[in-house]
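Scroll down for the structure; my scribbles are underneath it.
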Amino acid sequence: VSDGDQERIKDTLQAFESNISQFTQRIQVAGTQLKSLIDDMLDLARIEANTIHVETARVDSRKVVESIADQMQAIAEEKGLSIQLDLVEASVWADEIRIRQILTNLLGNAFKITDEGTVTVRSRVQEKMVVFEVIDTGIGISQDRVGIVFNRFAQAASGTNRPNAGVGLGLAICKDLVELQNGWIKIES
């Protein structure tokens, strides 16, 4: 580039900009993943120390799920998936921030293991409780792993070499947060 050829300088700068853009995106993704891991570890520490604060109030469950689905639409589209909602009009007595955290985590897990098809969020009223179901067309979980998915550092997809598998804290935290709000969580595959 030292010869001053304007065309070569332009090409070199464009290549440099492209590289910088790729590196910046990688750094941003890594930073987001690291922040998520730190947040999970902090939540886990608060739960174990019994210092996590759960403030319950009447929450419009349908509105919350629709908002989460809207926020996660880009992730679904990126993988070629569709999000389907089958929701009842019902209020829940819950901590809205924590219910959002739980449902976002469950949807995120469904997107990770689903390569094609749909992720459905369904709600229904059962015995004066609102039951949420996240259903995906993913690979499923082997029966020998179903019993451990809510354990800390356990992974349902052990041995599948799936990218972004996580460290196995999300479902454990979901379970604890659900129980702190007098609810229950289970998995079927």
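The values are calculated or read from the model by the stated rules, or taken from the named source; none is laboratory data. Only a predicted model underlies this, so the values are computations on that prediction, with no experimental measurement involved. Cβ atoms come from the backbone with ideal geometry, glycine included; neighbour counts cover every protein chain shown. Just so you know, the surface numbers come from the protein's heavy atoms only, side chains and all, with ligands and any DNA or RNA stripped out. Shrake-Rupley method; radii C 1.70, N 1.55, O 1.52, S 1.80 Å.
Extension gain, E48-S21: 0.36 nm per intervening residue step, less the Cα-Cα distance, totals 5.7 nm.
Between E7 and E66, what FRET efficiency comes out of the Förster formula 1/(1 + (r/R0)^6) with R0 = 45 Å and r the beta carbon distance, rounded to 0.05? It comes out at approximately 0.30. Report the far tail of the P(r) of the range 67-108, meaning the percent of Cα-Cα pairs longer than 16 Å. Tail of the P(r) past 16 Å holds 44 percent of the pairs. Under 5 Å from the amide H of G138 lies no amide H of any residue 5 or more positions distant or on a separate chain, with H modelled from the backbone and absent for Pro and chain starts. Going by accessible surface with a 1.4 Å probe and the largest first, I27, I187 read I27, I187.
When the Cα atoms of the chain are aligned to their principal axes, the ranges along those axes come out at 79, 36, 36 Å in descending order. Please find the FRET efficiency linking T120 to F153, where r is the Cβ-Cβ separation and R0 is fixed at 25 Å, and quote it to the nearest 0.05. With a Förster radius of 25 Å, E is 0.30.
Descending by average beta-carbon neighbour count within 10 Å, the peptides 7-15, 83-91, 175-183 line up as 175-183, 83-91, 7-15, the highest first. In straight-distance terms, cross-link reach from K79 covers every one of the lysines whose alpha-carbon lies under 30 Å from its own, apart from those fewer than eight places away in the same chain; here that gives K35, K63, K112, K175, K186. Dipole magnitude for the chain: about 500 debye, using +1 per Lys or Arg Cβ and -1 per Asp or Glu Cβ, origin at the Cα centre.
Rounded to the nearest 500, the helix-only mean residue ellipticity at 222 nm of the chain stands at -16500 deg cm²/dmol, with each DSSP H run of n ≥ 4 adding -39,500 (n - 2.57).
Of the DSSP H helices in the chain, those with a Cα length along their own long axis of 24 Å or more and a mean Kyte-Doolittle hydropathy reaching -1.0 comprise 6-48, 96-113. The calculated FRET efficiency for Q33 paired with L85, based on their beta-carbon distance and R0 = 41 Å, is about 0.90. So, with a 1.4 angstrom probe, what is the percent of accessible area on the chain that is carbon and sulfur? Of the solvent-accessible surface of the chain, carbon and sulfur hold 51 percent.
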